[in-house]
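The next block holds one structure in the form of structure tokens; read it before the comments.
Bear in mind that the values in this text are calculations on the coordinates, not laboratory data. None of these values were measured; they are calculated from a predicted model. Here the Cβ is made from the backbone with ideal geometry for all residues, glycine too, and neighbour counts use every protein chain on show.
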Amino acid sequence: MEWYVYMLRCNDNSIYTGITNNLNKRIKNHKSGKGAKYLRGRLPVQIVYKEICINRSQACKREILIKKLNKYNKEILINKK
């Protein structure tokens, strides 16, 4: 089963990072306000980055690395894809 690391740009220009094994469903949940609490006051959101991982463990490790980046470096990562 494939897992995804993804980043969303919020309406306040902040960047949310998460993982999922069903990207379309997760984005739909976020956009409807049923996803992460962080996003509820920051809708609408737009997916700006996604990366396929081979398993949940790899996705979690990659998510941690991305979350440690400052916003400038996240923007660089987003613009590379």
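Residue farthest toward the positive end of the dipole of the chain, with Cβ of Lys/Arg at +1 and Asp/Glu at -1: which of 33, 60, 1?
The listed residue farthest towards the positive side: 33.
How far apart, in nanometres, would the label points at residue 14 and residue 28 be if each is projected 7 angstrom from Cα along the Cα-to-Cβ direction?
Here the answer is 2.6 nm between the modelled labels.
Within segment 9-48, what residues put their amide N at less than 19 Å from the label point 7 Å along the Cα-to-Cβ vector of residue 70?
Residues passing the 19 Å test: 13-17.
Positive end of the dipole of segment 3-80, charges at C-beta (+1 Lys, Arg; -1 Asp, Glu), about the Cα centre: which of 48, 13, 23 has its Cα farthest in that direction?
In segment 3-80, that residue is 23.
Size of the dipole of the chain about the Cα centre, Lys and Arg at +1 and Asp and Glu at -1 on the beta carbon, nothing else charged, in debye to 20?
Here the chain has a charge dipole of around 180 debye.
Tell me the net charge near residue 3. Cut-off is 14 Å between Cβ atoms, residue 3 excluded, with +1 for each Lys or Arg and -1 for each Asp or Glu.
Charge balance in the 14 Å sphere: +3.
I want the local charge near residue 71. Using Cβ-Cβ distances under 14 Å, sum +1 for each Lys or Arg and -1 for each Asp or Glu among the other residues.
+2
Which residues in segment 15-56 place their backbone N less than 13 Å from a point set 7 Å from the Cα of residue 77 along the Cα-to-Cβ direction?
15-19, 48-53
Express the relative contact order of the chain as a whole percentage, based on alpha carbon pairs under 8 Å and six or more residues apart in sequence.
Relative contact order here is 37 percent.
Over every pair of different alpha-carbon atoms in the chain, take the mean of 1/r and invert it; report that Kirkwood radius in Å.
About 12.7 Å, per the Kirkwood formula over Cα pairs.
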